[in-house]
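Just so it is clear, none of the values below were taken in a lab; they were calculated from the coordinates. Everything numeric in this text was worked out from a predicted model, so none of it was measured. Counting neighbours? That spans all protein chains shown, and the Cβs are built from the backbone with ideal geometry, glycine included.
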Amino acid sequence: MATSEAAQRSLTTRVVGRAGTSDAGWIRWLAAKARVVYRFVGLTVPALHLGWVSQALQVGWDGDALRIQGWGYTRGTGFEQTPKIEVWLSRRFSRRIFADVSPVSNTQVSVSARQAEFDYSNTAFEATWDAAALGRISRTGAWQVRVQISGKGRRFWGPIRSLSPFGSASAMSPRREDDGALLGPVWRGRRGLLVVRRRPAVNAVEVKVSGRTVSV
């Protein structure tokens, strides 16, 4: 997550939290009303992504397939039954590249949610793009990973907004394709998790080590 964006959210959370526990009754009343309005707007206009929380736990290659494990939910909306989960790569003026998604249950999701009112553990998933799907990324550029959770007649979606510091997501890297291009996951702060195809500016053709001398 971008430092500035994380700091802004952290500041907002602290301000609202302190207002909700203020000694002044009118401040607590305002905080409660603000929370209700915020949640109402977020639930009725999901395109604003208000209250959207998501994280990538594991990101890496499994042979020729790219696999992401993570979760996503909107605060204030839980699902008694496992919701429908879709994950895709999005790029302007291009068709979505959908992943094969398997829902999983992860209690870490609810544990990470502060003062969770609902059980969000069934919003976790494992998404996989095989070689054929990744083959559609034929030109250089960036594709944003997006997640959609559907259930109870509602849909919520958004980008991956954070990375787990304890999983492989913090050590993800692109790989070299047969044509010399680099393809793979990268983190881009405010845009979140992306899959990027790019041409390296410099290529190392040969590397030699002789004693304490390294020649490139």
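What is the gain in length, in nm to one decimal, between Ala171 and Val205 on full extension, counting 0.36 nm per residue of separation less the C-alpha to C-alpha distance? Each step should come with its number before you reach the end.
Values: separation 34, 0.36 × 34 = 12.24 nm, distance 2.46 nm.
Here the answer is 9.8 nm.
Do any GluC sites (Glu not before Pro) in the range 110-206 lie in a DSSP loop with no more than 16 other beta carbon atoms within 10 Å, and if so, which? Don't jump to the answer; show the numbers that get you there.
Numbers: sites: Glu117, Glu126, Glu177, Glu206; in loops: Glu117, Glu177, Glu206.
Filter output for the range 110-206: Glu117, Glu177, Glu206.
Name the trypsin sites (Lys or Arg not before Pro) in the range 89-157 that are in a loop by DSSP and that have at most 10 other C-beta atoms within 10 Å, would you?
Working: sites: Arg91, Arg92, Arg95, Arg96, Arg114, Arg136, Arg139, Arg146, Lys152, Arg154, Arg155; in loops: Arg91, Arg92, Arg95, Arg96, Arg114, Arg136, Arg139, Lys152.
Loop-located and lightly packed - Arg92, Arg95, Arg114, Arg139.
At 10 °C and a viscosity of 1.306 mPa s, what translational diffusion coefficient does Stokes-Einstein give for the range 114-216, taking Rh as the Kirkwood radius over Cα pairs? Give it in µm²/s as a whole number.
Here the translational diffusion coefficient equals 93 µm²/s.
Take every Cα-Cα pair in the range 45-178 and report what % of them are more than 20 Å apart. Could the numbers behind the result be given before it?
Working: 3961 of 8911 pairs.
Summing the P(r) of the range 45-178 above 20 Å gives 44 percent of all pairs.
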What spacing in nm lies between the two simple spin-label points modelled at Trp61 and Arg155, each 7 Å away from Cα in the Cβ direction?
3.4 nm
